[in-house]
Structure formats: C-alpha cells, structure tokens
C-alpha cells in the first residue's frame, strides 16, 4: 500500500522512518489487550471513513435430518447501519538537536517519545473496545445494550471467582454461544485469581483456564471490579480497521520534527448476547 502519511518533505531517512514504524508495532503488540481475543477486519484503507455494522438474531442450533425440510430459524440481521470509523491519535516530536547528534555520532535515534505516543494510542484503543465512547455514540464490550449481566461475589474468598466464571459461561451457553471463551478483568480481579484454590495446591486461575480457553487477560483500562467474559469469534464481534497503528509526519515547528501515531478503528458488536459483563452491588 502506498504510504499516504509519508510526506515528500519528511526529512527522515528510510532507515529512521522505518525505525519509528517498528517502534509503534513493537509497543502495540505488548500493550494492546483487546486485540488478543478480538478478530480484525481490514485494514480497509485510510480513505474508508464508514463501515457497515449489523446486529444478528437467532443464535440457535442448526438442524439435522434426511430431507432438509425441517424449519430452522435463520440467522438474520436485526439492525444495520453505517457507522463512522473514529481516529485514535497521539502526537510527539523529535528535537532537531537529537536528530543531528544521532546522525553526527552514528548512534541510534532516541525513540522514547514515539514509544510513549504508541502506548497512549494503544491504551485509548482498549478504552474504546471495552467502554466505548459516549460522545460518539459508540458502544464497548462493557457498555453495549443487550449483553448478559452477572452479579459476582467476593473474590477474596477462594473459589468464588471460579464459581462466577462457571455461571457466566452457563449464561452464554444457554444463549447459544458455546465458546471458546475469553475473559478480561481489572488488575485487582486478576490478582485475586492467583491464589491457591481451596486445599488443592493449584492456583484458582489455572482451574478457570479449563473453561476460558481463549485466554484470561488483565487490562488497566478496567477498574476495580470490572470484567467481562465473551464467546470469541468474528461471528460475534470484530475490530474494523481502515488504518492500523502507524506514524505520520506533521511538519516542522521551531526546527523540531512533529509526528503523530494514529489509527482508524471501530468495534463492531454483532451478537451482544455473546457477552457477559460482571456486575457488583455498587455497579449501576
């Protein structure tokens, strides 16, 4: 794909430019959580500004007989609309003296600012995936209407976390979503699962992994008691990308070089009932 973001007046060499791009990819792979269990759709191209988002119904088993005449409820579209794809971005700059010194003495260019911008964008993507964005009318895994909700217990008590996970997967299974499942929780909840389960000498999280086979993750965008279990697969949701995380050159300002890390991404939730959100007594 042609690099629409590499301006003709970009003063960086190909090697320096590629270094920035590699930093963004490396940081994103370490920082992003949602993408570890959400399938990608795209990239579609930076010029794609909207994408179709559909909600489906009739997640019921298929039929089996000798004639094929039995009636099965077809999976059909309940609602369809085109949704604008938002831009996630964070700017950074490289001081002109740092660039001059790197070239003069043959030392690697300091890419700390680029890494920081990439990390902030990755965090903002996860915030969008889990919580959505009210100001843009975008729903996230924890805020979408029509999902399952489970009031969870006190995970300070050994075995309580496992029992809640069993109940959550039961709700999803009864709704026609048979797994595999993935779970994302706050760092607090994640730590609570790393204790010995009763008198077995086995960590509680290890017993939960037998049920949650697509991964158990912690994310710092999830606070306190927040958490969610989902039936994974692009049939249920995906992340539509018109442009993946990358660097753009913005120009010079006071001799310094200004850049932007950005992406264009939207979570498309197709089956809200494939999601089970943890609730507590203090949850709204």
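Name every residue in the range 196-219 that is over 18 Å from the mean Cα position of the chain (by Cα), in contact (Cβ under 8 Å) with a residue 24 or more places away in the chain and surrounded by fewer than 15 Cβ atoms within 10 Å (Cβ to Cβ), in order of residue number.
Hits for the range 196-219 are 196, 198.
Kindly establish whether residue 240 is touching a residue at least 60 places away in the same chain (Cβ under 8 Å), within 19 Å of the chain's Cα centre (by Cα) and surrounded by 21 or more Cβ atoms within 10 Å (Cβ to Cβ). Even if it seems obvious, please write down each step before you answer.
Numbers: touching a residue at least 60 places away in the same chain (Cβ under 8 Å): yes; within 19 Å of the chain's Cα centre (by Cα): yes; surrounded by 21 or more Cβ atoms within 10 Å (Cβ to Cβ): yes.
So residue 240 passes the test.
Looking at residue 138 and the list (1) closer than 18 Å to residue 20 by Cβ; (2) within 18 Å of the chain's Cα centre (by Cα), which single condition is not satisfied?
In the conditions (1) closer than 18 Å to residue 20 by Cβ; (2) within 18 Å of the chain's Cα centre (by Cα), residue 138 misses (1) alone.
Part of a loop (DSSP other than H, G, I, E, B), crowded, with 22+ Cβ neighbours inside 10 Å, more than 17 Å from the chain's Cα centre (by Cα) and at pLDDT below 95 - does that describe any residue in the range 173-191?
The initial filter retains those residues of the range 173-191 that are part of a loop (DSSP other than H, G, I, E, B), namely 175-180, 186.
Add one more test, that the residue is crowded, with 22+ Cβ neighbours inside 10 Å, and what stays is 177.
Among the residues that remain, those that are also more than 17 Å from the chain's Cα centre (by Cα) are: 177.
Narrowing the set further to residues that are at pLDDT below 95 leaves 177.
Scanning the range 173-191, I find at least one residue that is part of a loop (DSSP other than H, G, I, E, B), crowded, with 22+ Cβ neighbours inside 10 Å, more than 17 Å from the chain's Cα centre (by Cα) and at pLDDT below 95, so the answer is yes.
Which of the residues belonging to the range 136-172 are without any contact (Cβ under 8 Å) to a residue 60 or more places away in the chain, touching a helix residue (DSSP H, G or I) at 6+ places or on another chain (Cβ under 7 Å) and farther than 19 Å from residue 211 by Cβ?
Within the range 136-172, 143, 154, 156 qualify.
Test residue 222 against the criterion of being free of Cβ contacts under 8 Å to residues at least 24 places away in the same chain and surrounded by 14 or more Cβ atoms within 10 Å (Cβ to Cβ), and give yes or no. Full working, then the answer.
Working: free of Cβ contacts under 8 Å to residues at least 24 places away in the same chain: no; surrounded by 14 or more Cβ atoms within 10 Å (Cβ to Cβ): yes.
Considered against the rule, which asks whether it is free of Cβ contacts under 8 Å to residues at least 24 places away in the same chain and surrounded by 14 or more Cβ atoms within 10 Å (Cβ to Cβ), residue 222 comes out as no.
Might you check whether a residue that is at pLDDT below 95, surrounded by 19 or more Cβ atoms within 10 Å (Cβ to Cβ) and not in a loop (DSSP other than H, G, I, E, B) occurs anywhere in the range 149-159?
No, the range 149-159 has no match at all.
Test residue 231 against the stated conditions and say whether it is under 27 Å from residue 30 (Cβ atoms) and in contact (Cβ under 8 Å) with a residue 60 or more places away in the chain.
Details: under 27 Å from residue 30 (Cβ atoms): yes; in contact (Cβ under 8 Å) with a residue 60 or more places away in the chain: no.
Answer is no for this residue.
Do you know which residues across the range 141-151 are within 23 Å of the chain's Cα centre (by Cα) and on the phi < 0 side of the Ramachandran plot? Steps first, please.
Start the filter on the range 141-151 by keeping residues that are within 23 Å of the chain's Cα centre (by Cα), which leaves 141-150.
Across the range 141-151, the qualifying residues are 141, 142, 143, 144, 145, 147, 148, 149, 150.
What number of residues within the range 253-263 satisfy the criterion of being over 31 Å from the mean Cα position of the chain (by Cα) and in contact (Cβ under 8 Å) with a residue 40 or more places away in the chain? Let's see the steps before the verdict.
First, the residues of the range 253-263 that are over 31 Å from the mean Cα position of the chain (by Cα): 253-256.
Adding the requirement that they be in contact (Cβ under 8 Å) with a residue 40 or more places away in the chain leaves 253, 255-256.
Residues flagged as over 31 Å from the mean Cα position of the chain (by Cα) and in contact (Cβ under 8 Å) with a residue 40 or more places away in the chain within the range 253-263 amount to 3.
Is there a residue in the range 49-70 that is over 24 Å from residue 229 (Cβ atoms) and buried (at least 16 other Cβ atoms within 10 Å of the Cβ)?
Yes, some residue in the range 49-70 is over 24 Å from residue 229 (Cβ atoms) and buried (at least 16 other Cβ atoms within 10 Å of the Cβ).
Restricting the range 81-125 to residues that are without any contact (Cβ under 8 Å) to a residue 24 or more places away in the chain and assigned to a loop (DSSP other than H, G, I, E, B), which is surrounded by the most Cβ atoms within 10 Å (Cβ to Cβ)?
Going through the qualifying residues, I end up with 110.
Criterion first (in a strand (DSSP E or B) and at negative phi) does residue 168 satisfy it? So that I can check it myself, show each step before the final result.
Details: in a strand (DSSP E or B): no; at negative phi: yes.
No.
For residue 246, indicate whether it is assigned to a strand (DSSP E or B), surrounded by fewer than 17 Cβ atoms within 10 Å (Cβ to Cβ) and in contact (Cβ under 8 Å) with a residue 24 or more places away in the chain. Before the answer, list the steps.
Working: assigned to a strand (DSSP E or B): yes; surrounded by fewer than 17 Cβ atoms within 10 Å (Cβ to Cβ): no; in contact (Cβ under 8 Å) with a residue 24 or more places away in the chain: yes.
Criteria not met by residue 246.
Name the one entry in 255, 239, 245 that is closer than 30 Å to residue 10 by Cα and in contact with a strand residue (DSSP E or B) (Cβ under 6 Å, 6 or more places away or on another chain). Before the answer, list the steps.
Values: 255 fails: in contact with a strand residue (DSSP E or B) (Cβ under 6 Å, 6 or more places away or on another chain); 239 fails: closer than 30 Å to residue 10 by Cα.
It is 245.
The values are calculated or read from the model by the stated rules, or taken from the named source; none is laboratory data. Keep in mind that what you see is a predicted model, and the values were worked out from it rather than measured. A quick note on method: Cβ atoms are made from the backbone with ideal geometry, for glycine too, and the neighbour counts reach across all protein chains shown.
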